[in-house]
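S.K.: My questions will all concern the structure given below.
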Amino acid sequence: MKELRDIRILAIESSCDETAAAVIHNGREVMSNVISSQIELHKLYGGVVPEIASRKHIEKINQVIEEALKEAEVTLDDIDAIGVTYGPGLVGALLVGVAEAKAIAYARKLPLIGVHHIEGHISANYIENKNLKPPFICLVVSGGHTHLVCVRDYGKYEIIGRTRDDAAGEAFDKVARAIGLGYPGGPKIDKLSKEGNPDAIVFPKAHMEDSPYDFSFSGVKSAVLNYINGCEMKHIEYNRADVAASFQKAVIDVLVENAMKAVKQYDMAKLAIAGGVASNSSLREAMKRACEEHGVQFYHPSPIFCTDNAAMIGVAAYYEYLAGTRHGWDLNAVPNLKLGER
């Protein structure tokens, strides 16, 4: 793939509850990365309310774009293309970003590049790991997705494993709610787990015999809920930190085991993780140890690039730009967009 010099991408991300804009230079340099989070608002409801998220995106999107351009010390005259998340995600939220991107691209006669949200998460690894290039295996773990992906080349992906039910992040949120931690669950489980014994309770770890790289987290989630309900019915006090640590261990063990199987089977020397759950400290430590034991190079983004942000979308858009990807004015939000689809 031939690289072009001095390409600046203005990227927009609005797939869920973060309104974000960034300016990316030549695919690896983050000139700005502005995020307006709605977490405090959605905490009141114990999760993301799509209608509220969409309205907040409309309120904030022009502000974050202006701030991203200002922080990068550029104007729209310096921008070479517009990148935007067009799926998967909440349809109303996605539509706000897509409409904004199309308007700017049309008014400025700039190329429009629609980006898959998961491709963005994978591409976040390129920001700080300047030497990372495909091929490699990437474990994508977030609130809506748990995928094992073979990254063949920039923009070329093969999903080799996925969750059959709940994503890892969903399970974290539901267990956190059950033990009274509230939303968002992932960071709170991670923090509380440090005070608990991960071997205090043995929760089940699901393995799919017909598909060794697939995941299932509904069983461990149900086991935790049953354990809590059982204790409450018998008026037995349980240790929340032990529950959190034991649940987290059950999830992480499966993530690490499946990732290591994939690295070995596909004869890869590099493994990356991505997505919101990739900022979990215990997962990072467990994956780092496993990679060291197997002689595999381990890559991960900083936490700010794990959660939803526009910098990762800009990086993905840059490589799509080099590959010649261009979208027309009929680009639409695709809430169930599959990785690899155009």
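S.K.: For region 133-149, which positions are of a type in the set (A, V, I, L, M, F, W, C) and at pLDDT below 95?
M.R.: VAL141
S.K.: Further, regarding this structure: Just checking, does region 104-111 include any residue being in contact with a Leu (Cβ under 6 Å, 6 or more places away or on another chain) and modelled with pLDDT of 95 or more?
M.R.: The answer is yes; a qualifying residue exists.
S.K.: Tell me which residues, restricted to region 8-29, are over 18 Å from the mean Cα position of the chain (by Cα) and β-branched (Val, Ile, Thr).
M.R.: ILE9, VAL23, ILE24
S.K.: Something else now. Sort out which residues of region 125-162 are in a strand (DSSP E or B) and surrounded by fewer than 23 Cβ atoms within 10 Å (Cβ to Cβ), and write them in order of number.
M.R.: Within region 125-162, PHE136, CYS150, ARG152, ASP153, LYS156, TYR157, GLU158, ILE159, ILE160, GLY161, ARG162 meet the criteria.
S.K.: Please verify whether region 107-122 includes one or more residues that are charged (D, E, K, R), more than 13 Å from the chain's Cα centre (by Cα) and outside the structural domain of GLY314 (by TED's automatic domain parsing).
M.R.: So far as region 107-122 goes, no, none of its residues is charged (D, E, K, R), more than 13 Å from the chain's Cα centre (by Cα) and outside the structural domain of GLY314 (by TED's automatic domain parsing).
S.K.: Here's a check for you: in region 320-332, which residue that is part of a loop (DSSP other than H, G, I, E, B) and among the hydrophobic types (A, V, I, L, M, F, W, C) is surrounded by the fewest Cβ atoms within 10 Å (Cβ to Cβ)?
M.R.: Per the criteria, the residue is TRP329.
S.K.: Oh, and also: Report whether or not LYS130 is basic (Lys, Arg) and farther than 27 Å from VAL251 by Cα.
M.R.: Considered against the rule, which asks whether it is basic (Lys, Arg) and farther than 27 Å from VAL251 by Cα, LYS130 comes out as yes.
S.K.: Moving on. Filter region 198-246 down to the residues that are in a helix (DSSP H, G or I) and of a type in the set (A, V, I, L, M) and list them by number.
M.R.: Matches in region 198-246: VAL220, ALA223, VAL224, LEU225, ILE228, MET233, ALA241, VAL243, ALA244, ALA245.
S.K.: For region 286-319: of the residues being of a type in the set (Gly, Ala, Ser) and under 18 Å from SER32 (Cβ atoms), which is surrounded by the most Cβ atoms within 10 Å (Cβ to Cβ)?
M.R.: GLY314
S.K.: Separate question: Can you name the number of the only condition in (1) closer than 29 Å to VAL296 by Cα; (2) out of contact with any His (no Cβ under 7 Å at 6 or more places or on another chain) that ALA272 fails?
M.R.: Of (1) closer than 29 Å to VAL296 by Cα; (2) out of contact with any His (no Cβ under 7 Å at 6 or more places or on another chain), only one is false for ALA272: (2).
Condition check ((1) part of a strand (DSSP E or B); (2) surrounded by fewer than 21 Cβ atoms within 10 Å (Cβ to Cβ); (3) touching a residue at least 12 places away in the same chain (Cβ under 8 Å)) across all residues:
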position	(1), (2), (3)
ALA11	yes, no, yes
SER15	no, no, yes
ALA21	yes, no, yes
ILE52	no, yes, yes
VAL74	no, yes, yes
GLY83	yes, no, yes
GLY92	no, yes, yes
VAL98	no, no, yes
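The values are calculated or read from the model by the stated rules, or taken from the named source; none is laboratory data. Only a predicted model underlies this, so the values are computations on that prediction, with no experimental measurement involved. Quick reminder, even Gly has a Cβ in these numbers, built from the backbone with ideal geometry, and neighbours come from all protein chains shown.
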